[in-house]
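Derivation of every value follows stated rules applied to the coordinates shown; laboratory data play no part. Predicted, not measured: the structure shown is a model, and the values here were computed from it. In this analysis, Cβ positions are derived from the backbone assuming ideal geometry, glycine residues included, and neighbour counts consider all displayed protein chains.
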Amino acid sequence: MGAPGVRLALTPLNWVTYQGAAFQGNVFAQNVNRHGFRWDLSSSNGYFSIHELMFRTNQGAGVSSLPGEIKVGGWFDTVPDQNAAASQPWNYGFYFVADQALYRVPRPVSTPAVDGSGKQTPAAPSTDKGLGMFTHVGFAPQNSSFMNFYIDVGLNYKGLFPTRDNDVLGVAFAYGHLSNNPQENEGDSFPGYEMLLEATYQIELTSWLTLQPDVQ
């Protein structure tokens, strides 16, 4: 559902970026906001704001070390929540995201390159094929969030099979802790947590079409 907002992104250094955004907090129900243009930027509808710092390592052409990216952020929601405690009329959360290459397939070089003095130059940069890992972690208050803690971790490998350079195989595990809030659970039995195992394989059929079966 659409909501008006503003977004700002700044990159003061080539290895760090700040991103922030603020939006109308309450987008209304779909049967009320039928076309996504019921905009009301008043305090009674609240505001949703999210801010993030992104750090990059070993990026760009010619870098021999393995690239990585880390994101640290938080969100704040001032939409009144009838289920929240009276002392906390707003909600918030924090998150951490990390993506790191663990191995890159070297680019084949038939003949070592030499400079004008006859010295061998550094090896050609690696390809984008190889193994990588990722993780996401999130926190939110237990008394105002249905899921107050979440973490996932996984591995992906691009170009695992010969002649399939752009295919990606991935496996992941996720865990989410559920808040034991009677108003949220509406009297149902409380499971405590949810866990997930997942495997997927993204197949490049053509340059413009992919197929990605997924098992959970």
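One table, with the values for the structure above:
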| quantity | calculated |
| --- | --- |
| Stretch gain in nm, segment Leu41-Gln59, where the contour uses 0.36 nm per residue and the Cα spacing is subtracted | 2.5 nm |
| Footprinting exposure proxy for Val63, Val215 (fewest neighbouring C-beta atoms within 10 Å first) | Val215, Val63 |
| Burial order of peptide ranges 159-165, 142-148 (average beta-carbon count within 10 Å, highest first) | 142-148, 159-165 |
| Segments 26-38, 166-178 sorted - mean Cβ within 10 Å per residue, highest first | 166-178, 26-38 |
| FRET efficiency estimate (nearest 0.05) - Cβ-Cβ, Phe28 to Phe149, R0 41 angstrom | 0.90 |
| Sites Tyr18 and Val105, calculated FRET efficiency, Cβ-Cβ separation with R0 41 Å, nearest 0.05 | 0.75 |
